[in-house]
Structures are given as C-alpha cells and as structure tokens.
1. Looking at Gly109, Gly101, which one is in contact with a helix residue (DSSP H, G or I) (Cβ under 8 Å, 6 or more places away or on another chain), at pLDDT 90 or above and crowded, with 23+ Cβ neighbours inside 10 Å?
2. Spot the failing condition for Leu137; the list is (1) within 17 Å of the chain's Cα centre (by Cα); (2) at pLDDT 90 or above, and only one is missed.
3. Among the residues of segment 112-123, is any within 14 Å of the chain's Cα centre (by Cα), within 16 Å of Leu54 (Cα to Cα) and either at pLDDT 95 or above or not in a loop (DSSP other than H, G, I, E, B) (or both)?
4. If I ask for residues that are among the basic types (Lys, Arg) and surrounded by 15 or more Cβ atoms within 10 Å (Cβ to Cβ), which ones from segment 144-179 would you list?
Amino acid sequence: MTRDRDPAGRPRNARPRDALGQPLDRALGAGEARIPDDLTLAGPDAARLADDLLRAGRPFHAHEVLEASWKSGPAHERDLWQGLAQVAVGLTHAHRGNARGAVALLGRGTQRVRRYQARAAPPPDPPGPAGPPGRDLVYGIDLTAFLAACEDLAARIERDGLAGIPAADLRPGLRARQA
C-alpha cells in the first residue's frame, strides 16, 4: 500500500478518524471532519476554534488547530502554540484512558507555555481596575488560569487515576469566558 501524500509529496494520513483522532478502517467511511493540513488562522481565530473543540470534548482536533498555529505563526509564539498543542494531546490521552500519557503531555505542555510566558509577558499589573494580579490574557486565553487547571488535572490523574475525574474536567476551556 502506498502512503498518503499531499501535492508537495509530504506524507499525510488521509485515513478517517474517530472523535478522539484514532484512525478508522478506510472501509468505514469518512469518520469525523478533519482539520485541514494547511490550516492557517490568526491567533485569535485559532484560540477561538481550539477553545470550541476542547469544550466539545474533541482535544485531538484542537491539537491539530494548535499545531497548525505553531507551524504557521510567528517564531516568538512557537512555545505558546506548541505547548498548548501538547496540552491538547495530554487531554486526548486522558479521553482515551491513558493516564500516564495524559500526565506526561499535560506537564510537558504547561512547561513549554510557561517558558513562553517568562519570555513574552511583562510582569503582571498590580491589583486594580485591570483585574487580579497574574492575569495573563493572550488571544483571549487566560494562560494563568488555564495552566493552573491543567496542572491540577495532571496532579489528580497522577494521584487518583482517571476513574474519578469528572468528564467536565477533561474539557477545560482555553479562552476566558466573558461574564
């Protein structure tokens, strides 16, 4: 069998996939809608789409959006998008029942985003009308809150396994919701 390739000759996997990104037998049909390999979105649009996918319990697809942003976005944002993509892979592992993979990728992803924060973000403003200290919004993403939720989730999975984790906790919102 020949390998799927794009028009430029790069390897691609055109097999249909289920909602968690696992390949299906080609004979089963289309599977879930795929994120295009050549997706290019501006930061706010990528964050919005990834947020929608994470909240819908489709972390594999969110990973594909975030991966596209890391590959097509500005070099200084690479750690942001790559780290968020790794977090989405960690959530994919959790949805698939792989606690060890979930903990590893959630940790790796949050560390990478924290490297981005350390280089890119100015010190937080003091408390006041601008909001609480430490609030770090990038493209509508509250990085401080999102990373804290992911680190807490990883710690709970490592300590207790996946069985006791509520389904809603495996669908964290990426973007801050407006009240």
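1. The match here is Gly109.
2. For Leu137, the failing item is (2).
3. no
4. Passing the criteria: Arg156, Arg171, Arg175.
Condition check ((1) surrounded by 13 or more Cβ atoms within 10 Å (Cβ to Cβ); (2) at pLDDT 90 or above; (3) touching an Asp or Glu at 6+ places or on another chain (Cβ under 9 Å)) across all residues:
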| residue | (1), (2), (3) |
| --- | --- |
| Arg26 | no, no, no |
| Ala46 | yes, yes, no |
| Glu67 | yes, yes, no |
| Trp70 | yes, no, yes |
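The values are calculated or read from the model by the stated rules, or taken from the named source; none is laboratory data. Note that this is a predicted model, so its numbers are computed, not measured. Cβ atoms come from the backbone with ideal geometry, glycine included; neighbour counts cover every protein chain shown.
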